[in-house]
Amino acid sequence: MTRSGSATVSLDMTTMDDTWLQESMPFAKLIGARLVTAAPEEVRGQLDWAPDRCTTASILHGGALMAFADTLGAICAFLNVRPGEGTSTIESKTNFFRAVRSGTVEAVSRPLHVGRTTIVVQTDLLDDQGRRVAQVTQTQAVLAPRA
């Protein structure tokens, strides 16, 4: 696994960058998630405010924020498994701190625990001023390689 200045990670003949995200995870494309950097110790991404991602009063929907955090957290977990293994979210908890009414949300995902059977990832969601709008902690099951 290598990390370069262009925010690209090579993983078993696969390049993990925003193009990879858009092609590999159709839901990420649907919600507008973008991958900025990806490394086992930290994954960063962005999600723009848009009217079609809002609830009442033009506030970015909490479900959009949760889905964005889950997407980035899953990538972080995946970067911490052994070759051939996969991951699946088995638990997720979100705390919301402030509304997002415009701009771009940045996600920063970091592993809190990397074990043999589970990985726990924390994702901080920040607004344009660097203020935390939400924090998501998720547990990912480590899935054995398919036979």
(request) Extending each Cα 7 Å along its Cβ direction at Phe96 and Gln22, get the distance between those two points in nm, one decimal. (result) 2.9
(message) Let me make sure I get this right: for region 24-96, a, b and c are the square roots of the gyration tensor eigenvalues over alpha carbons, sorted descending. Under 1.5 in a/c it's rounded, otherwise prolate if a/b > b/c, else oblate. Which is it?
(response) prolate
(request) Could you line up Val108, Val121 from fewest to most neighbouring Cβ atoms inside 10 Å? (result) Val108, Val121
(request) Apply 1/(1 + (r/R0)^6) to the Cβ-Cβ distance of Leu143 and His61, taking R0 = 35 Å, and write down the FRET efficiency to the nearest 0.05. (result) 0.75
(message) Could you identify which residue out of Arg110, Arg44, Arg53 has the top mean-square fluctuation in a GNM of the chain using Cα springs shorter than 10 Å?
(response) Arg53
(request) Rounded to whole Hz and in sequence order, give me ³J(HN,Hα) for region 48-53 from the Karplus expression 6.51 cos²θ - 1.76 cosθ + 1.60, θ = phi - 60°, writing x for Gly and Pro. (result) 7, 5, 8, x, 6, 10
(request) Grab the Cα-Cα distance for Arg110 and Gln46, subtract it from 0.36 nm times how many residues apart they are, and report the gain in nm with one decimal. (result) 21.5 nm
(message) Restricting to DSSP loop positions (anything but H, G, I, E, B) with no more than 16 other Cβ atoms inside 10 Å of their own Cβ, which chymotrypsin sites (Phe, Trp or Tyr not before Pro) remain in region 71-136?
(response) Phe97
(request) State to the nearest 20 debye the size of the charge dipole of region 2-143 about its Cα centre, where the only charges are +1 on K and R beta carbons and -1 on D and E beta carbons. (result) 320
(request) Just flag the trypsin sites (Lys or Arg not before Pro) in region 92-147 sitting in loop per DSSP whose Cβ has no more than 14 other Cβ atoms within 10 Å. (result) Arg98, Arg101, Arg116, Arg131, Arg146
(message) Rounded, prolate or oblate for region 2-143? Axes are the square roots of the Cα gyration tensor eigenvalues, ordered a ≥ b ≥ c, and the cut-off for rounded is a/c under 1.5.
(response) prolate
(message) As a footprinting exposure proxy, order Met16, Met66, Met25 by other Cβ within 10 Å, with the fewest listed first.
(response) Met25, Met66, Met16
(request) Please determine, in degrees from 0 to 90 and to the nearest 10, the orientation of helix 62-78 with respect to the longest principal axis defined by the Cα atoms of the chain, where the helix direction is its Cα long axis. (result) 20
(message) With n ≥ 4 as the cut-off for DSSP H runs, can you work out [θ] at 222 nm for the chain, using -39500 (n - 2.57) per run divided by the number of residues, rounded to the nearest 500?
(response) -6000 deg cm²/dmol
(message) Just want the ordering: Glu41, Glu85, Glu106, from fewest to most Cβ atoms lying within 10 Å of their own Cβ.
(response) Glu41, Glu85, Glu106
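Here, each number is a calculation from the coordinates, and none is a lab measurement. Keep in mind that this is a model prediction, so the values were computed, not measured. When we count neighbours, we look across all protein chains shown, and the Cβ atoms used for this are built from the backbone with ideal geometry, even at glycine.
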